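Novice: Once you've had a glance at the structure underneath, I'll fire off some questions.
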Amino acid sequence: MTEEGVNGLSLSEVARRLGVKPPSIYKYFDSIMGIYDALFERGQRANLEVMRAAMEGVEPGLDALAAGLEASGRWAVNHPATAQLLFWRPVPSFEPTPEAMAPSFEMVWLQRRALADAVAAKQLGPGADSDEALYVTSVFVSGVIGQAMANEPGLPWGEGRFSPLLPKLLGLLAALYPPKPAGRRRS
């Protein structure tokens, strides 16, 4: 996929590189879509692991969210072909199975928990514990990853024009979902 593009994967090329005849591949995968599904699941699991590891030991809330998304972005630019399969679905008619999607749902849960922790810590207002805030966060990170991969391919995460913008974009969450000011006590 790295050499020919994600959509350039073929059963015959996989077989050739493995040193087997193409029909042998059918013992393991029923079609090229089965191979894509396995690659999708493998990529989702790898991305989940780097996100989870980055969030562990970090202050819950916005710090954990930023650490997880930075790690995911770094992983994506280091694995561009797999990231394309995961985030942009370049293969017509490919739909991952529920099993392949399971790690993605766990990544969403980690992000949702970080947003809820940010609300509990009064880093963000109550509206940040919502699907909308999760979607906004997703747009921020996928936009940064997409721009970095499209316009600065091969440039490490944290360098260039785009990936350094992620912390600034995440800072906008407080503007979109402002924490409630502390109430004044009456004497």
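Novice: What list do you get for Met107, Met51, Met149 if you sort them by fewest beta carbons within 10 Å?
Specialist: Met107, Met149, Met51
Novice: May I ask for the angle, rounded to the nearest 10°, between helix 62-78 and the longest principal axis of the chain, with both axes built from Cα atoms and the value confined to 0 to 90°?
Specialist: So the inclination is approximately 20 degrees.
Novice: Note down the relative contact order for the chain as a percent, whole number, built from C-alpha pairs under 8 angstrom at least six residues apart.
Specialist: Worked out over the chain, it gives 22 percent.
Novice: Roughly how tilted is helix 131-151, in degrees to the nearest 10 and between 0 and 90, from the longest Cα axis of the chain?
Specialist: Helix 131-151 sits roughly 50 degrees off the main axis of the chain.
Novice: Within straight cross-link reach of Lys180, meaning Cα distance under 29 Å, which lysines are found once same-chain residues fewer than 8 apart are removed?
Specialist: Partners within reach: Lys122, Lys168.
Novice: Using only Cα atoms, tell me the angle between helix 98-120 and the longest principal axis of the chain; keep it within 0 to 90° and round to the nearest 10.
Specialist: 10
Novice: Note the full-extension length gain between Ser12 and Met33 as 0.36 nm times their separation in residues minus their Cα-Cα distance, in nm to one decimal.
Specialist: 6.2 nm
Novice: For a Förster distance of 45 Å, can you work out the FRET efficiency between the beta-carbons of Ser24 and Glu152, rounded to the nearest 0.05?
Specialist: 0.65
Novice: Looking only at Arg52, Arg16, Arg112, which one moves most when the chain is put into a Gaussian network model with springs between Cα atoms under 10 Å?
Specialist: Ranking Arg52, Arg16, Arg112 by mean-square fluctuation puts Arg16 first.
Novice: Sticking with this one: Run the numbers on the range 1-76 and let me know its relative contact order in percent, using alpha-carbon pairs under 8 Å that are six or more apart.
Specialist: The normalised contact order for the range 1-76 reaches 19 percent.
A short reminder: the numbers here are calculations on the coordinates, not readings from a lab. A quick note: this is a predicted structure, and the numbers were derived from the prediction, not measured. Here Cβ is always computed from backbone atoms with ideal geometry, including for glycine, and neighbour counts include all displayed protein chains.
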